[in-house]
Amino acid sequence: MKIKAAVLRECKKPLTIEELELEPPKEKEVLVKYRYTGFCRSDLHHLLGELGASVPMVVGHESAGVVEEVGPGVTKIKKGDHVVGTWMIPCGECSECRRGRGNLCRGYHDQFLGGLLLDGTSRIKDKDGKMVRHGSYVAGFASYGVLPEAGTIPIRKDMPLEQACFMGCCVPTGWGTVTNIAKLQPGESVAIYGIGGVGLNVLRAAVLRQANPVIAVDIEGMREKIAREFGATHFIDSSKEDPVPKIQEIVGGGADVVFEAIGDPGATVQAYWSTGLAGKLVIPGVTPVDAATSLPLFRVPLHQLSILGGLYGAISTHLDIPKLADLAMTQDLKLDKLISKKFKLEDINDVAEAMIKRQINGRWVCELD
Ligand SMILES: NC(=O)c1ccc[n+]([C@@H]2O[C@H](COP(=O)([O-])OP(=O)(O)OC[C@H]3O[C@@H](n4cnc5c(N)ncnc54)[C@H](O)[C@@H]3O)[C@@H](O)[C@H]2O)c1
Ligand SMILES: [Zn+2]
Ligand SMILES: [Zn+2]
């Protein structure tokens, strides 16, 4: 079938909107009509060549849609199901999966990095018959996608699909980083650097876990409104004042847990200095692969610091994503407020540019027809 998609042909060049050929789903695969895909900063990392993308590839990994057709052998998903695509598919058999760390699965590493489905091939071809890769399995900036059944997560139908797409990345990453990585306790003080899609979910999870105070830091002062709506007790515009002494003043020494949700080496240094004694620096932000920074290490033993990273919030995809959807429908995760704009596929290069210029409040979501 013909689909319309945003293709990354060359890093640092605009995406091309192309008509592509999508093959039908094979064994244990499903065809999904995508409805909404959020624009995550990890997509921008790919566009800018900061993570070493395999091209040509259809980008986008935060998608929700409706199952149109299932391939042979599919047992857990049926036509009409509302689903979320996940960019990490645990193989269930590698050493990480067996240790309960499916978010770090190595079994399908080559497929993931190569933009291929689980059998090591692609279902997408361009008009010249050449292979196009499935970015992060999901390849969500497209009208349709073929996904492995194991990477397709059914989601409750009463959840608006424009919010369900967030279940693919920023919600589990934000929530999982707070609960599984930081293991945040009620009453702990928190500072969050970077109030974008991931940072806002970190912030909301921290508020609902009764952290206090919850200090939001962003280099764009216009993030204050949304940070406060999500429950921040304080906001620091780091373009106007040094956040480190301000956080030390608010908390009295430094915060218990400081999150870096940007992927910026300079902000990581600021976040490091914002931790208090026995504090945790928690880093979901992804820096370019060749970025480095230097930190004075004496603080790690003498101040008993922990530096923790987190991939996909250390979630268990099939268990946690539906649970987070339930949470979103029963608690106030403010996902309606996370969407500040819906855009069309044709405008995707303007959205990438807006993210580079830090003009995006919350998440901008592509509406696919
Ligand atoms: N670890 C994971 O599994 C995982 C999953 C998803 C995203 N990520 C990463 O998380 C990071 C954040 O993603 P996002 O989609 O929320 O990005 P985003 O662009 O929506 O938000 C980033 C925010 O950081 C702010 N910012 C930029 N530079 C800053 C600085 N120097 N100081 C303070 N604030 C600054 C921006 O104004 C923006 O509000 C990215 O690196 C992304 O790749 C990681
Ligand atoms: Zn595995
Ligand atoms: Zn993402």
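Observations, loosely collected:
- Any chance Val84 is within 16 Å of ligand 1 (Cβ to nearest atom) and closer than 16 Å to Pro322 by Cβ: yes
- Helices (runs of 4 or more DSSP H) fully within the range 109-177 that include at least 1 residues being crowded, with 24+ Cβ neighbours inside 10 Å and not aromatic (Phe, Trp, Tyr): 161-164, 170-176.
- Picking from residues in the range 279-315 that are over 20 Å from Gly197 (Cα atoms) and small (Gly, Ala, Ser), the one that is nearest to the chain's Cα centre (by Cα) is Ala291.
- Among the residues making up the range 195-228, those that are of a type in the set (D, E, K, R) and over 18 Å from Gln359 (Cβ atoms) are Arg204, Arg209, Arg228.
- Residues in the range 17-42 that are touching a strand residue (DSSP E or B) at 6+ places or on another chain (Cβ under 9 Å) and under 29 Å from Ile195 (Cα atoms): Tyr34, Arg35, Tyr36, Thr37, Gly38, Phe39, Cys40.
- When Pro245, Pro284, Pro301, Pro322 are checked against the criterion of being within 26 Å of Glu50 (Cβ to Cβ) and not β-branched (Val, Ile, Thr), Pro284 stands alone in meeting it.
- Single condition Ala53 does not satisfy, out of (1) within 14 Å of ligand 1 (Cβ to nearest atom); (2) part of a strand (DSSP E or B): (2)
- Among (1) within 17 Å of the chain's Cα centre (by Cα); (2) over 23 Å from Glu18 (Cα atoms), the one test that Tyr137 misses: (2)
- In the range 265-281, the residues that are crowded, with 19+ Cβ neighbours inside 10 Å form Cβ pairs under 8 Å with partners that are among the aromatic types (Phe, Trp, Tyr) and part of a helix (DSSP H, G or I), at six or more places apart or across chains, as follows: Leu281/Tyr272.
- Sole residue being in a loop (DSSP other than H, G, I, E, B) and closer than 30 Å to Ser143 by Cβ, chosen from Gly263, Gly285, Gly253: Gly263
- Close pairs (6 angstrom Cβ cut-off, 6 or more residues apart or separate chains): free of Cβ contacts under 8 Å to residues at least 60 places away in the same chain in the range 306-334, part of a loop (DSSP other than H, G, I, E, B) anywhere: none
- Pro24 meets the conditions (1) buried (at least 22 other Cβ atoms within 10 Å of the Cβ); (2) over 13 Å from Tyr137 (Cβ atoms); (3) more than 16 Å from ligand 1 (Cβ to nearest atom) in every case but one. The failed one is (1).
All of the numbers you see were taken from the coordinates with simple rules; none came from a lab. Here the structure is a predicted model, which is why all the values come from computation and not from measurement. All Cβ positions, glycine included, derive from the backbone under ideal geometry; neighbour counts span all protein chains shown.
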